[in-house]
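The values are calculated or read from the model by the stated rules, or taken from the named source; none is laboratory data. The structure presented is a predicted model; accordingly, all values stated were derived computationally and were not measured. As a convention, Cβ positions derive from the backbone with ideal geometry for all residues, glycine included, and neighbour counts pool all protein chains shown. What goes into the accessible areas is simple: the full protein's heavy atoms, side chains included, and nothing from ligands, DNA or RNA. Shrake-Rupley method; radii C 1.70, N 1.55, O 1.52, S 1.80 Å.
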Amino acid sequence: MGQFYMDLHPREGKYGHAAVFGLQPGVALSSGDRQPAVCALVCNFTAPTADKPALLTHSEVETYFHEFGHAMHQICSQAEHAYFAGTNVERDFVEAPSQMLQNWCWEPESLKLMSGHYKDGSAIPDKLLDKLVASKQANVATTTCRQLVFALFDQDIHTKENADTAASFSNANERVMGTPAPASTNFAAQFGHMAGGYDAQYYGYMWSEVYSDDMFQSVFRDAGVLSKEAGLKYRTCILQPGGSIDAFDMLKNMLGREPNSDAFFKAKGFA
């Protein structure tokens, strides 16, 4: 199938965000053989110390699952041509497989499998687990609005010949959050996505989440989060084609219908 390398802890001069970088696409060769996919999963998680292993926060675990979703998209793709291999899909769909895996970080059944006290292996107490799962809704309105601010700002500056990025961001923030950005600040100066392939397409993060929530709620919620049948269906319908099938058609193949936003609003607690 393929290979992936992991570079999980920070060091001097290292890339400071979290991402998966494709190193070799998985494609069909003229010999009839298949070239395996190779990628690198790069993060900056809590590092181990002399007397304690690397104990990841729940947020770091969620980040790992997000990036691992990208890695699996690369490795499980069986597209014939490199142009369509792995994550070479529509930009407003590419985050769906990564956001999809984040769901397993909020399910008691899967959380119990991936966790335990680092000294004695004892399970997380159910009471604490319940609180963790319930915290998924904490500040969800604020984080959703924040993504809307980024998307509106992105569209604004990319539909003008000239743009005052500080003013544009401040206006978007006031429009959505009710307050302008702090004076004498320019968030855009460090918004790497605007020069990293998401320019004029940042809305895709939220649009992809609509798709990922629909897939998870419609397929895995009924079948079970550890269902092999549901997992194989997801792999076959979504990961395997890469970009060789339009994303909307892949979703219809997975869901048996056109996707909708019902599960997204339910996941956010808005419905």
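What the table shows:
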| item | result |
| --- | --- |
| Residue in the range 68-78 that is over 28 Å from Glu209 (Cβ atoms) and at pLDDT 95 or above present | no |
| Residues within the range 123-151 that are under 30 Å from Gly204 (Cβ atoms) and either part of a helix (DSSP H, G or I) or in contact (Cβ under 8 Å) with a residue 40 or more places away in the chain (or both), tallied | 18 |
| First in the range 105-122 and polar (S, T, N, Q) and open to solvent by less than 80 Å² (accessible area, probe 1.4 Å), second anywhere and assigned to a helix (DSSP H, G or I) and modelled with pLDDT of 95 or more, Cβ under 7 Å, 6 or more apart | Ser110/Trp104 |
| Scan of the range 6-23 for residues that are touching a strand residue (DSSP E or B) at 6+ places or on another chain (Cβ under 9 Å) and without any contact (Cβ under 8 Å) to a residue 40 or more places away in the chain, ordered by number | Met6, Asp7, Lys14, Tyr15, Phe21, Leu23 |
| Failed criterion for Asn88 (all others in (1) polar (S, T, N, Q); (2) touching a residue at least 60 places away in the same chain (Cβ under 8 Å); (3) within 25 Å of Ala134 (Cα to Cα); (4) surrounded by fewer than 21 Cβ atoms within 10 Å (Cβ to Cβ) hold) | (3) |
| Boolean, Gly197 is in contact (Cβ under 8 Å) with a residue 40 or more places away in the chain, within 16 Å of the chain's Cα centre (by Cα) and either closer than 21 Å to Ile75 by Cα or surrounded by fewer than 18 Cβ atoms within 10 Å (Cβ to Cβ) (or both) | yes |
| The range 152-192, subset part of a loop (DSSP other than H, G, I, E, B) and within 21 Å of His17 (Cβ to Cβ), residue nearest to the chain's Cα centre (by Cα) | Phe191 |
| Scan of the range 148-197 for residues that are acidic (Asp, Glu) and over 23 Å from Glu95 (Cα atoms), ordered by number | Glu161, Asp164, Glu174 |
| Single match in Pro25, Pro97, Pro53, Pro36 (criterion: open to solvent by less than 30 Å² (accessible area, probe 1.4 Å) and of a type outside the set (A, V, I, L, M, F, W, C)) | Pro97 |
| Within the range 212-271, tally of residues that are surrounded by 14 or more Cβ atoms within 10 Å (Cβ to Cβ), at negative phi, small (Gly, Ala, Ser) and part of a loop (DSSP other than H, G, I, E, B) | 4 |
| Every pair of residues 6+ apart whose Cβ atoms lie under 7 Å, when the first sits in the range 30-46 and is more than 12 Å from Met6 (Cβ to Cβ) and without any contact (Cβ under 8 Å) to a residue 12 or more places away in the chain while the second is not in a strand (DSSP E or B) and not small (Gly, Ala, Ser) | Gln35/Leu29 |
| Selection count where residues are over 17 Å from Ala230 (Cα atoms), of a type in the set (Gly, Ala, Ser) and under 21 Å from the mean Cα position of the chain (by Cα), scope the range 80-114 | 2 |
| Pairs where the first residue, in the range 48-63, is in contact (Cβ under 8 Å) with a residue 12 or more places away in the chain and the second is among the β-branched types (Val, Ile, Thr), C-beta under 6 Å, 6+ apart | Ala54/Thr46 |
